[in-house]
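Structure, as structure tokens:
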Amino acid sequence: MTIHTHFFIAIPLPSKLQMELTEWKSSQMRQLPFKQWTHLEDYHITLSFLGEADSAALESLTYRLQEVAQEFLSFDLTTEHLHTFGNDETPRILWLGVEQEPLLNQLQSKVRQICDDSGFQTDNRLYTPHITIAKKWQGEETFPINEYEQKQPIFPSSFSVEAFYLYRIHMDRQPKYEAVESFSLRNNAAL
């Protein structure tokens, strides 16, 4: 059996926020019967999914992404409230949003353009930055969306984005995502 390796580009979360999400998840798993919950080390904000890639394509892309990273200063993000993708009653994904940040959208747009220019087939839907918490609702009752899609954050948290990473996906293990290359943004403090 051939195992295909897929890659994506994303912003990792700081360990403090990873722990907060994991603690919240542990307190909710019995009430919320999702099939799959995100591993502590796998929380991230995707910038672009690449799919399969050979080493030559990744090497060329990595060089261009290093250049892109140096065009951006580090910036802060703040988490907001929970959302879902898919049917409200049986959601496909439960996710935590982040407040609008123009620099995040600009970075994502630039990264996606570089990926497109490098021959990768990227998703051209409107960018919705999010942190996936759980997937595939399998409850007998419908998902209590009004209780969980709150106007207030479940645990407001701000963090600094100082880098993004190229990740390899390992479907057969936990954590699933392995950082294989980092791209550091310019530091605001150095200005």
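The values are calculated or read from the model by the stated rules, or taken from the named source; none is laboratory data. From a predicted model like this one, the values you see are computed outputs, not experimental measurements. FYI the Cβ positions are ideal-geometry reconstructions off the backbone, even for glycines, and counts take in every protein chain you see. Note: areas computed on protein heavy atoms with side chains; ligands, DNA, RNA excluded. Shrake-Rupley method; radii C 1.70, N 1.55, O 1.52, S 1.80 Å.
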Spelling it out for residue 130: with amide H atoms placed in the peptide plane at 1.01 Å from N, the residues 5 or more places away or on another chain with amide H under 5 Å from its amide H are 46
Nearest 10 degrees is fine. How inclined is helix 55-69 to the longest principal axis of the chain, computing both from alpha carbons?
90 degrees
So what is the 222 nm mean residue ellipticity for the chain from helices alone, if each DSSP H run of at least 4 adds -39500 (n - 2.57) and you divide by all residues, rounding to the nearest 500 deg cm²/dmol?
-8000 deg cm²/dmol
Rounded to one decimal in nm, the spacing of the 7 Å Cα→Cβ label points at residue 125 and residue 30 is 3.4 nm
On C-alpha positions alone, give me the angle between the axis of helix 102-117 and the longest principal axis of the chain, in degrees, nearest 10.
60 degrees
Measure nothing fancy, just the Cα-based angle from helix 15-28's long axis to the longest principal axis of the chain, in degrees from 0 to 90, nearest 10.
30 degrees
Orientation-averaged projected area, Cα convex hull of the chain (nm²):
12.0 nm²
Can you pull the percent of the chain's accessible area that's carbon plus sulfur, 1.4 Å probe, other chains left in place?
47 percent
Heavy-atom surface of the chain, accessible at 1.4 Å and reported per residue (Å²)
56 Å²
Looking at region 62-191, send over the antiparallel percent of its DSSP beta bridges, to the nearest 5.
95 percent
